[in-house]
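The values are calculated or read from the model by the stated rules, or taken from the named source; none is laboratory data. Everything quoted here is computed from the prediction, not taken from an experiment. Methodologically, a virtual Cβ is constructed for each residue, glycine included, from the backbone with ideal geometry; neighbour enumeration extends over all protein chains shown. Heads up: the accessible areas ignore ligands, DNA and RNA and are worked out on the full protein's heavy atoms, side chains in. Shrake-Rupley method; radii C 1.70, N 1.55, O 1.52, S 1.80 Å.
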Amino acid sequence: MTRKQHGRRARKKRQRECRETTVQSVTLSHEPQFVALRKWLQQRGFSSKLLVPAHFSDTGRGLMTLQPIKADDLVISLPEKCLLTTSTVLRSYIGEYIERWKPPVSPLLALCAFLISERHFGQRAEWKPYIDVLPQRYTCPAYFSDEVINLLPGSLSGKALEQRAVVQELHSSSLDFFSSLQPLFSQPVESVFTHDALRWAWCSVNTRTVYMEHLHSPYMSRERNVYALAPYLDLLNHCPAIQVKASFSHVSRCYEIRSVQGCKRFQQAFICYGPHDNQRLLLEYGFVAPGNPHSVVYVDQVILQQCICITDINQLAQKLLFLKKNDFLAPFWKSVLLGAVVSQDREEWSVDAALRLCHYLMVDNTKALDKISQLTERADTSLKEQLAVVEWLRREEQGILGLNQEMLQSLQKQLLPSRQNSMHNLL
């Protein structure tokens, strides 16, 4: 079930939601950590003064334009020396330990270990100005308790548990490697490379890196190495309506972002992470996007079984597998969506089943929202932040389901005269 607007008018409306909505903003460029970050980046060749950090009432931290940006203008150009990659890590004090370690560590683990070490060294850390502006915690599911994960929609809760397990497994499987780094630290590495520290670093890498392909290093595992942490640039927030061109230029040796649509002066500059629905944004980045045109409600097989009265889940799975294997799913649902005629009884059954499905999911959302309200009353700041994104996701789904329910009820009324006529002809 999706909510989607089509056409030029809808596109312009979505663009206005990200670019022209009146929001309050307060510049952060005078704050010590951002002054230090700018100075540190300038020493590495970054000279742009087009964007300044600011706090926006709708998105939190972001970058504000000081001049109008035209279509195809360069929004930001960050020199290679400012990028934190596995090459950076291999050149650092950790490099020789990574080179000696067998089997080779993954690019992800190398970056995580470096971030944890730099945060631990504090004033002595070369990358301190960047570490200081990174979030202290994240609202990714890796941080969620069982209680919060259980409030997620069914299809997402399973993925959230998987993410949390991935971080736990990475930590437990890396303990020996962390122990090899003991000569670098005056205190036991167990107190430095904790699960909480790895979770923070893992989320920092997974939510803030830009895509950048690197040549394979013999000191790294064969996993794809496409990470680059980009200080300052990573303050740019996501908006689904914005289009940009982003890549590393081998000519300028900078990671560059160009605007496709332009941006007004003193507005927040956005980028787009891709055509992601809010469940994926929450899972991978820890936030949801208001007015997301890619919004969707997922239905798993267990719920589908309950709503269409199939007693055997294996039977449902086998039927779906048969339809998919014989390529029956894609062409037929698309043709029906575009108005192809199906039998009267099948259409009535489909509408009734869809209404049952909407009702089931709306009841589930209502229960989750009530529970969120109860938990919020006694929650600390961290838990409130987590509950806020889950609540937003649930309310969005409730709105989509409500619209679908109205359309289905209208369609059901249209089918009723046909059903009565059919009964009359039989008599």
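For the range 63-96, filtering for residues that are open to solvent by less than 40 Å² (accessible area, probe 1.4 Å) and either within 26 Å of V26 (Cβ to Cβ) or touching a strand residue (DSSP E or B) at 6+ places or on another chain (Cβ under 7 Å) (or both) leaves 14. Has the range 238-261 got at least one residue that is of a type outside the set (D, E, K, R) and within 26 Å of R164 (Cβ to Cβ)? Among the residues of the range 238-261, at least one is of a type outside the set (D, E, K, R) and within 26 Å of R164 (Cβ to Cβ), which makes the answer yes.
Within the range 192-225, if we keep just the residues that are aliphatic (A, V, I, L, M) and out of contact with any helix residue (DSSP H, G or I) (no Cβ under 8 Å at 6 or more places or on another chain), the residue that is surrounded by the fewest Cβ atoms within 10 Å (Cβ to Cβ) turns out to be L215.
The residues listed here are A228, A246; of these, the one that is in contact with a strand residue (DSSP E or B) (Cβ under 8 Å, 6 or more places away or on another chain), open to solvent by less than 40 Å² (accessible area, probe 1.4 Å) and part of a strand (DSSP E or B) is A228.
The criterion of at least 2 residues that are in contact (Cβ under 8 Å) with a residue 24 or more places away in the chain and under 20 Å from the mean Cα position of the chain (by Cα) is met, among helices (runs of 4 or more DSSP H) falling completely within the range 54-166, by 107-121. For S174, the stated conditions hold: it is modelled with pLDDT of 95 or more, within 28 Å of P141 (Cα to Cα) and hydroxyl-bearing (S, T, Y). Checked against (1) at pLDDT below 70; (2) hydrophobic (A, V, I, L, M, F, W, C); (3) open to solvent by less than 40 Å² (accessible area, probe 1.4 Å), L369 meets all criteria but (1).
Does V336 qualify as being at pLDDT below 80 and of a type in the set (A, V, I, L, M, F, W, C)? Spelling it out, V336 is indeed at pLDDT below 80 and of a type in the set (A, V, I, L, M, F, W, C).
Does F177 fit the bill of being outside any helix (DSSP H, G or I) and in contact with a Leu (Cβ under 9 Å, 6 or more places away or on another chain)? Working first, answer last.
Values: outside any helix (DSSP H, G or I): no; in contact with a Leu (Cβ under 9 Å, 6 or more places away or on another chain): yes.
Considered against the rule, which asks whether it is outside any helix (DSSP H, G or I) and in contact with a Leu (Cβ under 9 Å, 6 or more places away or on another chain), F177 comes out as no.
Applying the selection to the range 180-203, what residues are more than 31 Å from the chain's Cα centre (by Cα) and assigned to a helix (DSSP H, G or I)? Once the filter is applied, which keeps residues that are more than 31 Å from the chain's Cα centre (by Cα) and assigned to a helix (DSSP H, G or I), the range 180-203 yields S180, Q182, P183, L184, V189. For the range 33-53, the candidate set comprises residues that are in contact (Cβ under 8 Å) with a residue 12 or more places away in the chain and in a loop (DSSP other than H, G, I, E, B); within that set, the residue that is most open to solvent (accessible area, probe 1.4 Å) is K49.
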